[in-house]
Amino acid sequence: MPLNEAQTAQTPMSIRVPHAWLLGLLLAVACSSPEPENVTITATDSGGTGDVTATATATATADSTGGGSEQEFPGDPLTFFIEETTQFAPVPGVAGCNNDDLNNVGSQLQQAMLAAGWTGEYLNNAQGSTYHFNDPFASEGSPFGQEGTFADSRRVTVYASHGNINFLQWGQPGPTPTGAEGVCQLIINDAMRLGSLVGDISGAAIYATSCTAYVHDNKLIETLFVGAQIGQHFGWHNSPHISDPLLASFFDQTGTSIIDGKDTIVPVHNREAFIGIGQSKPGLSRNSPVVYTPGQTAPEVVDRHFNARMRLGIGLENVIPEPQNPDIYNYAWVDHGTSPTCEP
């Protein structure tokens with residue numbers, strides 16, 4: 001069965017505007033009683049999170065080469081690679097570069113990570129390139145792919161830009177390897193292989209893009225499972241409005257604790273932080289955030305899904321077993337609807 005066809009150059013808008021930091025929403029999610037497993041919750045404005053355990057059946061599109069490397073993770077878990085595109089314009093001779101400009105969400109995340117003692121690299125606009133996320137040994141990877149030097153060379157990988165299901169966009173070709181063609185679009189399950197093959201360092205990824213974590217029609221498996229062998233994915237089911245401090249707020253919250261109604265100190269995990277803050281959007285509507293946790297065994301997945309804390313490196317410090325099993329995963333999300341521009 002062939003992998004997904006490339007999305008067209010028409011991508012949804014990832015509008016980003018300032019918002020009031022919804023700490024109350026995070027606390028409501030973190031302190032509520034756990035919802036039953038295997039249930040997807042259709043949320044109201046009061047928030048809430050549903051966790052769905054592995055039920056995948058349509059796995060014929062899984063790329064068996066994606067987890068072929070079992071090189072042990074040798075480094076410091078507190079490292080990051082952030083790449084962001086905020087400026088878009090037509091580029092003569094290169095298709096799919098034009099779109100609406102975006103606000104910057106990556107620089108505040110970089111500052112928060114550096115303040116927490118992390119080290120890493122932040123590339124913006126003309127510094128970025130699709131080849132930084134392209135693995136030369138992926139099923140449709142370019143021989144010029146540089147993923148092992150860039151996106152898959154740090155423990156947490158972030159891309160912020162426009163996107164769609166199985167699709168990421170750049171505003172210009174950026175630094176193109178000698179002999180390679182300048183391009184502005186990347187098909188995730190064709191070319192990206194975070195946490196495996198070359199590099200094999202990434203352990204978690206944030207996609208600050210539209211629809212990249214689209215939940216329906218088995219797209220989490222067909223897109224993100226095939227495109228990476230990492231511990232956790234963070235993204236949105238719809239086309240989100242992402243404010244400048246949202247990613248930094250998520251990261252910082254994973255290093256904090258709260259006191260619940262019984263005066264019990266409760267640590268804030270990746271799952272609660274992203275589901276809480278990731279819904280934040282001006283007006284009455286909300287974003288639909290998704291935390292997708294794949295793995296090789298059920299105990300491994302459950303432990304990471306409910307206990308990982310990014311700022312502290314918890315969930316990133318150990319080797320992530322490969323190859324992962326497409327039928328073993330857990331994802332949490334809040335369903336505030338699907339944007340019309342998300343195209344399966």
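Derivation of every value follows stated rules applied to the coordinates shown; laboratory data play no part. This structure is a prediction, so every number in the text was calculated from the model and none was measured. With ideal geometry, Cβ positions are generated from the backbone for all residues, glycine too; neighbour counts draw on all protein chains shown.
How large is the Kirkwood hydrodynamic radius of region 202-344, in angstrom, based on all distinct alpha carbon pairs? Working shown, then result.
Values: mean 1/r = 0.0645 Å⁻¹.
So the Kirkwood estimate lands at 15.5 Å.
Pairs of alpha-carbon atoms within less than 8 angstrom and 6+ residues apart define the contacts here; what relative contact order does region 99-147 have, in percent? Could the numbers behind the result be given before it?
On the way: 33 pairs, mean separation 10.9, N = 49.
With pairs under 8 Å counted, the relative contact order is 22 percent.
Mind ordering 82-89, 285-292, 108-115 by average Cβ neighbours within 10 Å, highest first?
Working: 82-89: 20.9, 285-292: 23.6, 108-115: 18.5.
Descending packing order for the listed peptides: 285-292, 82-89, 108-115.
Collect residues whose amide H, placed 1.01 Å from N in the peptide plane, falls under 5 Å from the amide H of GLY199; neighbours closer than 5 in sequence don't count.
Here nothing satisfies the definition.
Students often check this: by mean Cβ neighbours within 10 Å, which of 303-315, 227-239, 93-105 ranks highest, and how do the rest follow? Don't skip to the answer; put the middle values down first.
Numbers: 303-315: 20.7, 227-239: 27.7, 93-105: 16.4.
Answer by packing, highest mean first, reads 227-239, 303-315, 93-105.
If I take R0 = 22 Å and measure r between the Cβ atoms of ALA298 and SER257 in this structure, what FRET efficiency does the formula 1/(1 + (r/R0)^6) give, to the nearest 0.05?
Numbers: r = 27 Å, r/R0 = 1.23.
Result of the calculation: an efficiency of 0.20.
Just the number: Rg to Rh for region 153-244, Cα atoms, Kirkwood Rh, two decimals.
0.96
Say R0 is 25 Å: what FRET efficiency, to the nearest 0.05, do GLU317 and SER139 get from their beta-carbon distance?
Values: r = 30 Å, r/R0 = 1.21.
Calculated transfer efficiency: 0.25.
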